[in-house]
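The block underneath contains the structure these notes are about, expressed in structure tokens.
What follows is calculated from the coordinates using simple rules that are stated; it is not laboratory data. Not measured: the values here are computed from a predicted model. Backbone-built Cβ (ideal geometry, glycine too); neighbour counts: all protein chains shown.
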Amino acid sequence: MCICSKMSAPMEDTPHDDVCEIEATVITGFENVAKEEAEEKLKVPVDVKRGRIAFKIPTADVKKVLELGGIDNCFVVMSRFPDVNFTNDELECMAALRKIVYTVNWKLGLAAWSNVYSFPRPISTTPEVIPKDLGEPTLSSRFHRPNDPSQQRGPKLSKSEKRKLRKKQAWERSTGQNVQQQKERKKVEKAEDPNNGGSVDESSSVSSDNKSPMKSGDMSENLSENVQTQLRQAESDPNKTVESDPAEAVESDFSPVSKKQKTTEHDPNKPAFRVTCNRNGGSHPFDSMGAASNFGGAVYNYFHWNVSMKEFDIEVILNIDDRDVTVCLGLTKQSLHHRFIKAFGPTALRATIAFNMLRLCKIEPGEVICDPMCGGGTIPIQSAVSWEDCTTLCGDIIHKAVKRTTENVNYVSQTQPLSVEVVRWDVTKLPLRTESMDVCVTDLPFGIRSGSKMNNWRLYPGALMEMARVCRVEKGRACLLTQDKKCINKALSVTAKYWKCRNMVGFNMGGLAACVYILHRSVEKYNAADAAEMLSTALLQAKNKEAGSPIKTE
Ligand SMILES: C[S@@+](CC[C@H](N)C(=O)[O-])C[C@H]1O[C@@H](n2cnc3c(N)ncnc32)[C@H](O)[C@@H]1O
């Protein structure tokens, strides 16, 4: 069977092994900031895609990519397979995916990988004996519910119908109702699975439905999935052995194989791997679990690497976007935003967002940077680390937050010199001289987990006015992050004499539509009497709001 309808080999522009293509994920909205950074630091042209940037660099320079401040995860692209011949037949699709393993440029991927990670033994880029076949394709429908209308290709259900159906299914599962249906389903799954050799542990198989990170709702909506799957394929073959890692206990719960069957045979000469599949496009007859499982099974049959979901050396990433398949190796084992913070607060910001906010301010050497509402200190720590030749200071009204920031600053100081002044203060009455700051970068309380929407009506105008006082006229900038757009807009209108909004970057922050506002300080000198008058009008309006209809807290 032909893998692709156009061609079965990687694209023509597959890089030579001394140059590789990197894709890096970026918080959607900050792609252009990340592109600018990558072009400046890596000196290569960068393409922007939604939520990612892509570029080619010498394979030897791969490690430099991990020094970029604005990216979250990055991968080396081994091969692209455009227009894969995905038919309506699930088994055919799985067979096509398995075949891809033969033509992936493992040599390129492992060359890039070995510039970041190491393994005590050499990792062969091709097996000693190329296996004639990479195992039988299996149905991902072991995760489907054949009797489940949301899984069948029937008339489309409305959102509320889907919701009702999901609730019903959850209730049925939790109460053990519809047992007959479950039994039928198990029978079908058993019959459909050519790999289980009749040895499926039925209760595990059922629990897979309940414990899998892919809920039935995710499946029925089916637009974008990101599922990391241990290679059930390899596990479910009774002739093969897999490592039994206690850390994988949860994962093994949704293995369709009886736990008794697992034996430990970890080959220390070989690396451990896992496959992660990201699937986009709703028209596939398979899910990402099935795709990762089949692809992983084929990789296992090809290299006989060890399998480990948590303790992996190598992460193979299978991106399926409609009919285009890209196979990558992960260069980050956890997102790069997990840096600096030891003492977490309720609203800790991702370091990558902090970095991108700081970059949007176009900071120059010697400038003074201030985060007047620092929480746990992500912004000031990122500022002090990446803009060493600047002065960073920060503060918060809450004693606990000041303590957390200090703890985090001390933590980072253990590995690199860091200078951050941390003070307890009120942003509306900063103990700072007028026109003493160049840049204010802060993450305002949204009024959801921190503060309240009502309080924001007073806080935001007061904060912006005080930042206008302490920032240098004409030269000063501010970068403010919030989700409370009504309040920030009101505060911007109150302080319009001092702040001009030059740019806004909207992005998704944990499901909330957040926005970063880049403000430039006008030439207008701060006038205390004027400011007091403007603020008192704003505060009066806020009071009237309090007295009148309550402001919704969303
Ligand atoms: C969204 S949190 C900041 C989170 C921070 N970026 C982090 O990464 O942890 C907003 C912070 O503003 C602080 N805050 C609220 N009102 C303030 C005020 N009047 N003066 C100074 N800080 C204030 C809160 O205590 C809270 O820590």
The range 411-472: Kirkwood hydrodynamic radius (Cα pairs, Å) comes out at 13.5 Å
Placing each pseudo-label 7 Å from Cα in the direction of the beta carbon, Lys270 and Asn88 end up separated by a distance in nanometres of 3.9 nm
Percent of all alpha-carbon pairs of the range 19-80 at distances over 15 Å, whole number, is 39 percent
XL table Lys41/Lys107; Lys429/Lys486; Lys475/Lys500; Lys64/Lys362; Lys453/Lys525; Cα-Cα > 20 Å flagged, in table order, is Lys41/Lys107; Lys429/Lys486; Lys64/Lys362; Lys453/Lys525
